[in-house]
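Contents: one structure, followed by commentary.
Nothing in this text is a laboratory measurement; each read-out follows from the coordinates by a stated rule. Just so you know, these numbers come straight off a predicted model, no measurement behind them. FYI the Cβ positions are ideal-geometry reconstructions off the backbone, even for glycines, and counts take in every protein chain you see.
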There are 2 protein chains.
Amino acid sequence: MHQGDAYLTAHREEHLKQLMELLRIPSISALSEHKADVRRAAEWLAREMRRIGLHRVEVMETGGHPVVHAERMDCPGGPKALIYGHYDVQPVDPVDLWTTPPFEPTIRDGKLYARGASDDKGQVFMHLKVIEALLAVEGRLPVNVKLLIEGEEESGSENLERFVSAHADLLKADVVVISDTALYARGVPSLTYALRGLAALEVHVVGAKGDLHSGAFGGAAPNAAQALARLLATLHRPDGAVAVEGFYDQVRPLSQEERDSFAALQFDEQAFMADLGVTALPGEPGYTALERLWARPTLEINGIFGGFQGEGTKTVIPCRAGAKITCRLVPDQDPERVLDAVEAHLKAHCPPGVKVEVRRGGGAPAVITPIDHPAIQAAMQALTEAYGAEARFIRSGGSIPVVGTFQRVLGAPIVMMGFSLEEENFHAPDEHFHLENFDAGMRALYRFWHHLAENMR
Amino acid sequence: MHQGDAYLTAHREEHLKQLMELLRIPSISALSEHKADVRRAAEWLAREMRRIGLHRVEVMETGGHPVVHAERMDCPGGPKALIYGHYDVQPVDPVDLWTTPPFEPTIRDGKLYARGASDDKGQVFMHLKVIEALLAVEGRLPVNVKLLIEGEEESGSENLERFVSAHADLLKADVVVISDTALYARGVPSLTYALRGLAALEVHVVGAKGDLHSGAFGGAAPNAAQALARLLATLHRPDGAVAVEGFYDQVRPLSQEERDSFAALQFDEQAFMADLGVTALPGEPGYTALERLWARPTLEINGIFGGFQGEGTKTVIPCRAGAKITCRLVPDQDPERVLDAVEAHLKAHCPPGVKVEVRRGGGAPAVITPIDHPAIQAAMQALTEAYGAEARFIRSGGSIPVVGTFQRVLGAPIVMMGFSLEEENFHAPDEHFHLENFDAGMRALYRFWHHLAENMR
């Protein structure tokens, strides 16, 4: 048997007991009455980091809740990895919907129930135990590691970007490893190698000086709501593709390898539709639903408004109407260029008699680490070995702001090696963590550091 | 000189004094503290009606404010006309914007300032004085008349339909004459011979079971706001015409005579645009703006709503979005058939992945009295003679509910012979009435009854 696996198996009960200790601390970052608890969790981690042999362990101030920093840099010539995670948790309301209290960890059916079990204390803890195991079994780490465990992720990571920017030298690394994402499904080892980005804007259509009476003016006055509908309808082609000129110009195409890897997941579109309660999955033609969700950009109307919205009838011709729009971006789209294109489209398609006003919002580019990057390859090897099944490439259609922060400030590739499952109720009552992934995940992380050392030396 | 004109001129000062007496009564029907004032105005009218020689004068109960009824039916073989008007007035707030107090009638620059001066006490009073003049000068009326002067017009005519239905025999007439509309413009004798009708509905587009996160689902889930925009955009053709199949099927075309009469008004589209603050007057092609406003049906979006409408950005895919729609109808469109057509269109154009729900609202048909009707011709002759300028046919793009009531319940043609001007601030501070139309209007009404007797004998 693999020496690391043997060590982890031998110490499993002890590890779970320690994790439960951490889970008992109600480190809810959003609630000021838990401020001391949040710091207590940071200090628990710092103590544990020192105990297992990490260096330069420090609870560092951020202006908000502290971060815990540590490192072990005694592997000359080896790659430097920054491990990011968070020790704060979500609030627990409605607390009476929990089967067992959120801060009294309980194991049922091979799952550990507690707030933070999977998001993200459990996964942060796995990293500590793997470092401990490597040092115990091998006397040294195969790579250099830095740890940055924050306490404000669940309340918006308000101070993280500033902290990372201010300590860019301290945190400098060849790769950032984050264990805060989910596997594709139970029993499917999988690695998130890309996230979508975002670009936001608002469009307003302005007609007459004020709302008009539809009897006196209907037929010869511009109707802002009508013009808005007409304008918004031009944003997509009838087949579902975005019709904005240049919208797809910078999109990095999916490789055949990526498409094959997605297809191997056998995404069940029927089940997905049943889940949403819809009978079709409209979108860009030429791509599967999963490809569209993960690897194709979108343009979505998030809200639409104008004129009379109350009960009954009001015979008014609205003078203003508007819509909120966000685009999900993929590599290598530049948010500003996308906003330029959408703004130009909206202005070019302005219906007669009205004016179009565009208010640009913020944006963030997509994140991707190429699947042939040695760190990604190391993670895939480790996952395949630890789970005994071929690891799959997956993406996420959403954005994770902290990931963007690391990519932007540190310029390092990101490995999102997460072990939770979508069904584990993060942010909801009865959050839990499947212990099968606690075990397999640590076996994978143990192997990952070795493969990373080999691949990036 | 015409004997009637001579009489009216001779008694002008006395008539104005009497009108001012009526205008001093604050008969605001919407404010309960003026309940007694409203009745006082009804009784003032009843007294005056008796004094001038009308018969069967009665203040009749309606459940709300009373109506005043009277008649003079001693013209055997002559046409029977029902004169409708209202003696109640709008509230006067903001009262400090009045140059002189609303219930202290004052003449300035040939205009009589007071609440109700033009809407509608002044015009009701003109009818009484013309009847008085005819009886004084000629000893008899050339026609049979009934009068129905109500006290709830400014608060929605809540009891009128029931009253008219309950007293259909009492009110039965060959023609209904209403003096509560405006001339086209100062110095332009004009007669409103048609009003538009209305049909209302609401459409809702329903996507997934609930709002969805645009990161997790964007690209493969239906967006109700997007689908709504696409659906609404199909309701009009790019050229501005309504694209609903069958929408125009029942529309009575404008005759060349009507078009010529409208054209003679030399409607100033540039001034109209400047007034609205717009640079185009989009609408159905093939018609002037005035023709579209008065004689063509419309389909207007009165309100549009769905998804996130708050500050900032929310990356949501709305599961519901909707719009309120009203159509202005023209003769001979049936509101139910129009609603059928719009509903069928909306369902037929339902975008993929969503459901379309239609909630039908109420409707009312348009009102028209053909321009060759003898009563209309009588009014046109009278106006032309009294103003010394050719009278014009005009329409109104709006609806006047009481007119619909008379058409529906009594089945009689309507003559809307009104003498106010749009600029006279009805419902606003400094309501006034141009005395030139008080004078010319009575001269016209005096002649009208004679022409009506000739044309409809």
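Residues within the reach of a label modelled at residue B:269 (point 7 angstrom out along Cα to beta-carbon, backbone nitrogen below 16 Å), restricted to segment B:295-312, are B:295-296. Net charge dipole, the protein assembly as shown: roughly 340 debye, given to the nearest 20, about the Cα centre with Cβ charges of +1 for Lys and Arg and -1 for Asp and Glu.
Each stretch of four or more DSSP H residues adds -39500 (n - 2.57); spread over every residue of chain B, this sum gives -11000 deg cm²/dmol at 222 nm. When you work out D = kT/(6 pi eta Rh) for segment B:370-457 at 37 °C and 0.692 mPa s, using the Kirkwood radius from C-alpha pairs as Rh and the Stokes-Einstein form, the result is 227 µm²/s. Taking the fewest neighbouring Cβ atoms within 10 Å as the starting point, the ordered list for A:75, B:327 is A:75, B:327. Available extension along the chain between residue A:216 and residue A:355 is 47.9 nm, counting 0.36 nm per residue and deducting the alpha carbon span.
Helix check for chain B. Which DSSP H runs span at least 20 Å along their own axis by Cα, with a mean Kyte-Doolittle hydropathy no less than -1.0? Provide the component values of the computation, followed by the final result.
Working: long enough: B:35-52 (26 Å, -0.90); B:121-138 (25 Å, 0.83); B:435-456 (30 Å, -0.42).
Span-like helices here: B:35-52, B:121-138, B:435-456.
About its Cα centre, the dipole of segment B:273-316 is roughly 120 debye, where the only charges are +1 on Lys and Arg Cβ and -1 on Asp and Glu Cβ.
What does the net charge come to around residue B:173 if you take all other residues with beta carbon closer than 15 Å to its beta carbon, with K and R at +1 and D and E at -1?
Details: positive: B:56, B:72, B:80, B:146, B:172, B:408; negative: B:71, B:169, B:174.
Summing Lys/Arg as +1 and Asp/Glu as -1 gives +3.
Computed 3J(HN,Hα) for segment B:295-300, one whole-Hz value per residue from the Karplus formula 6.51 cos²θ - 1.76 cosθ + 1.60 where θ = phi - 60°, is 10, 10, x, 10, 10, 10, glycine and proline marked x. Distance from the C-alpha centroid of segment B:351-387 to that of segment A:300-317: 26 Å, rounded to the whole angstrom.
Around residue B:118, what is the net charge, scoring Lys/Arg as +1 and Asp/Glu as -1 over all other residues with Cβ under 9 Å from its Cβ?
Working: positive: B:121; negative: B:119, B:120, B:424, B:431.
Here the charged neighbours net out to -3.
For the pair residue A:340 and residue B:257, label points projected 7 Å from Cα toward Cβ lie 6.4 nm apart. State whether the protein assembly as shown is rounded, prolate or oblate according to the following rule on the C-alpha gyration tensor (a ≥ b ≥ c being the square roots of its eigenvalues): a/c under 1.5 gives rounded; otherwise a/b larger than b/c gives prolate, and the remaining case gives oblate. Prolate, since a/c reaches 1.5 and a/b exceeds b/c.
Straight-line reach from residue A:314: which lysines have a Cα under 27 Å away, not including same-chain ones fewer than 8 places off? Partners found: A:209, A:324, A:355, B:324, B:347, B:355.
Within straight-line reach of residue A:17, meaning a Cα separation under 28 Å, sit the following lysines at least 8 residues removed in sequence or on another chain: A:35, A:111, A:121, A:129, A:146.
From the gyration tensor of the Cα coordinates in segment A:52-115, what semi-axes in whole Å does the equivalent ellipsoid have, largest first, with each one equal to sqrt(5λ)? Write out the running numbers ahead of the final one.
On the way: eigenvalues 231, 62, 18 Å².
Three semi-axes, in Å: 34, 18, 9.
Considering only beta bridges that DSSP places wholly inside the protein assembly as shown, some 70 percent are antiparallel. Got a sec? Charge dipole of the protein assembly as shown, +1 on Cβ for Lys and Arg, -1 for Asp and Glu; which of B:91, A:165, A:243 is way out at the positive end? Checking the options against the dipole of the protein assembly as shown, the answer is A:243. For segment A:1-63, the relative contact order is 18 percent, taking Cα pairs closer than 8 Å that sit 6 or more residues apart in sequence and dividing their mean separation by the residue count. Electrostatic tally near residue B:162: other residues with Cβ closer than 13 Å to its Cβ, Lys and Arg +1, Asp and Glu -1, net -4. When the square roots of the Cα gyration tensor eigenvalues are ordered a ≥ b ≥ c, the ratio a/c for segment B:14-161 is 1.5 or more and a/b does not exceed b/c, which makes its shape oblate.
Counting other Cβ atoms within 10 Å as a rough exposure proxy, the listed residues A:7, A:193 run A:7, A:193 from fewest neighbours to most.
How many percent of all Cα-Cα pairs in chain A sit more than 30 Å apart? That fraction is 51 percent.
With r defined as the distance between the Cβ atoms of residue A:10 and residue A:108 and R0 fixed at 25 Å, what FRET efficiency is calculated, to the nearest 0.05? Don't jump to the answer; show the numbers that get you there.
Values: r = 24 Å, r/R0 = 0.96.
Calculated transfer efficiency: 0.55.
Take the convex hull of the alpha carbons in segment B:126-171; its mean projected area over all directions comes to 4.1 nm². Debye calculation, C-alpha points only, no solvent: report log10 I(q)/I(0) for segment B:246-370 at q = 0.14, 0.18, 0.22, 0.23 Å⁻¹, in the same order as the q values. Each listed q maps to, in turn, -0.83, -1.10, -1.30, -1.35. Put simply, the amide H of residue B:236, placed in the peptide plane, has neighbours under 5 Å in B:243, leaving out anything fewer than 5 places away on its chain. The separation of segment B:222-287 from segment B:137-166, counted between C-alpha centres, amounts to 36 Å. Assign one of three labels to segment B:40-80, namely rounded, prolate or oblate, based on the Cα gyration tensor with a ≥ b ≥ c the square roots of its eigenvalues; rounded applies when a/c is under 1.5, prolate when it is not and a/b is larger than b/c, and oblate otherwise. The shape class here is oblate. For the pair segment B:83-101 / segment B:404-443, the C-alpha centres are spaced 15 Å from each other. Whole-Hz Karplus values for segment A:95-109 come out as 5, 6, 8, 7, 5, 10, x, x, 10, 10, x, 9, 9, 9, 6 Hz, taken residue by residue from phi with 6.51 cos²θ - 1.76 cosθ + 1.60 and θ = phi - 60°; glycine and proline positions read x.
In nanometres and ascending order, the distances from the residue B:139 label point to those of the other copies are 14.1 (point 7 Å from Cα along Cα→Cβ). Take every Cα pair under 8 Å whose residues are at least 6 apart in sequence, average their separation, divide by the length of chain A, and the relative contact order is 25 percent.
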